[in-house]
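Asker: Got a structure for you, questions after.
The values are calculated or read from the model by the stated rules, or taken from the named source; none is laboratory data. This one's a predicted model, so the numbers in the text were calculated from it and none came from an experiment. Reconstructed Cβ throughout: ideal geometry from the backbone, glycine too, with neighbour counts over all protein chains shown. Surface areas here come from the heavy atoms of the whole protein model, side chains and all, with no ligands, DNA or RNA. Shrake-Rupley method; radii C 1.70, N 1.55, O 1.52, S 1.80 Å.
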Amino acid sequence: DTLEQLAEVKRVPIEIATDAAVLNADDSLCLQMADYTDAERLSYVTMNPAHPLVKQHIQAGGQAFVLEQGMNGHMISIYDNETHTPLVWTHLIPATIEGRALHNVQNAMFAAALAYNMKVGLEDIRQGLRTFDSSFFQAPGRTNIYDEHPFRVILDYAHNPAAVRAMCELVDRFKVEGRKTIVMSAPGDRRDEDIREIAAIAASHFDHFICRCDDGRRGRGEDEVAVMLKNKLLEEGISIDHIEVIPDEQEAVARALEMAEVGDMILVLGDNIKRTWKQIIYFNSGAHSD
C-alpha cells in the first residue's frame, strides 16, 4: 500500500547480492538499503554531482556513476577505486532523445553500472548505450516517438504518478509550436489518490485533456477512472472546455489524432500498446482536413 512497503519488497535483491549492489543515491528509500547488503562492492548512481554522501563514498575509494555537466552537455562518469573515467555523453544515447529524457539518462546510468559490475568492458557498454533506442521495435511502450505526421506523437505505457511525471517533464523539454494534448488513464486497481495524482501531475503541462479507461477496468465502473481524472483536472483549475471523457481507448486516441494540427504534440499514455501504435502510424493525417 505504501512506497515504504514497496521499498522493503524491492530490497530483497540487495539483501542477497554478493558481488555488487547498485543503489539510487537520489532516493532516500534506496539509500537506506545500503544497511542491508553484504555485497563486496556498493555502487551509487546519482544525477547530482554535488551529492555529499556519494562524494564521501568516492573519496573513500568507493564506486559511483555520476551525471556531470561538461562543456559539451552531460557526461556519465565512473568513479572507482580513486579513478575517474568519462563513459559517454548523454546526447549520444538514442534512448535519451538527445539527453531530453532524463528518466532514460538515469536508466542508462543503471544499465552501465550493472554491466560494469558484471565485468563487461567499457567499449561494449558504450556500444550498447549508443545503439539501443526507445523505438517501438526495441522498447514497445517506452517513449515511442512518431514524427511522420505534421504533428508529433509520443506513446508511453506510463501507469503510475512517477512515470507520468517523467513523461510530462519530457514533453516540456520539446519546443512545441502548437497545442499539447494528452490522452490519459490509470489502472482501475490503483488507489483513488494515485489516480487523482496522475491528473494533478498532468494538469499544468497540457492544453487539452482526453480522459479514457483501460480495456480491463480492474473492478472499476465503465467510465469511473476517466471521470475521476476529469474531476481532479477541474479541481486543478482546468476549464471543462479543455477536457473530454472518452472511455474507450481506441476512440480516445482517434479523437486526439483527428483534432491534431500542424506543430501539435500528443502524449498518449497507452494500455494496449501494439494496437495503439498501429493506430498512430496508420492514421491518415490528411483525413480530418478534407
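Asker: Lysines within cross-link reach of Lys232: Cα-Cα under 30 Å, excluding same-chain residues under 8 positions apart?
Answerer: Lys175, Lys180, Lys274
Asker: For the residue pair Asp27 and Glu8, what label-to-label distance in nm results when each label sits 7 Å from Cα along the Cα-to-beta-carbon direction?
Answerer: 1.7 nm
Asker: Another question, if that's okay. For the chain, with all protein chains present and a 1.4 Å probe, just round the carbon and sulfur fraction of the accessible area to a whole percent.
Answerer: Of all accessible area on the chain, carbon and sulfur atoms account for 50 percent.
Asker: Another question, then. Take every DSSP beta bridge with both residues inside the chain and express the antiparallel ones as a percent of the total, to the nearest 5.
Answerer: In the chain, approximately 40 percent of DSSP beta bridges are antiparallel ones.
Asker: Let me ask something else about it. Positive end of the charge dipole of region 114-254 (Lys, Arg +1 and Asp, Glu -1 on Cβ, about the Cα centre): tell me which of Gln138, Tyr157, Asn117 has its Cα farthest that way.
Answerer: Asn117
Asker: Oh, and also: Which percent, to the nearest 5, of DSSP beta bridges fully inside region 1-94 are antiparallel?
Answerer: 60 percent
Asker: Continuing with the same structure: If Lys and Arg each add +1 and Asp and Glu each add -1, what is the summed charge of the other residues whose beta carbon sits under 11 Å from the beta carbon of Val153?
Answerer: Result for the neighbourhood of Val153: -3.
Asker: Just to confirm, what accessible area per residue do you get for the chain at 1.4 Å probe, in whole Å²?
Answerer: Heavy-atom SASA per residue in the chain reads 50 Å².
Asker: Give the residue from Leu229, Met259, Val245 lying farthest towards the positive end of the charge dipole for region 228-267; charges sit on Cβ (+1 for Lys and Arg, -1 for Asp and Glu) and the dipole is referred to the Cα centre.
Answerer: Of Leu229, Met259, Val245, it is Leu229.
Asker: Now a separate question. Among (i) 25.3, 76; (ii) 28.8, 90; (iii) 21.0, 68, only one was calculated for this model; which label is it, if the read-out is Rg and Dmax of the Cα atoms in Å?
Answerer: Answer label, from the structure shown: (iii).
Asker: Oh, and also: In debye, nearest 20: dipole of the chain around its Cα centre with unit charges on the Cβ of K, R (+) and D, E (-)?
Answerer: So the magnitude is around 500 debye.
Asker: Can you work out the FRET efficiency for the pair Met118 and Asn160, with r the C-beta to C-beta distance and R0 = 35 Å, to the nearest 0.05?
Answerer: My answer for the efficiency is 0.75.
Asker: Oh, and also: Between Glu258 and Ile281, with labels modelled 7 Å along Cα→Cβ, what's the label distance in nm to one decimal, could you check?
Answerer: Label-label distance for Glu258 and Ile281, simple model: 2.4 nm.
Asker: Under the rule a/c < 1.5 gives rounded, and otherwise a/b versus b/c splits prolate from oblate, where does region 221-269 land using the Cα gyration tensor?
Answerer: It is oblate, given that a/c is not under 1.5 and a/b is not larger than b/c.
Asker: Could the peptides 218-227, 237-246 be put in order, highest first, of the mean number of other beta-carbon atoms found within 10 Å of their residues?
Answerer: Put in order of decreasing packing, that is 218-227, 237-246.
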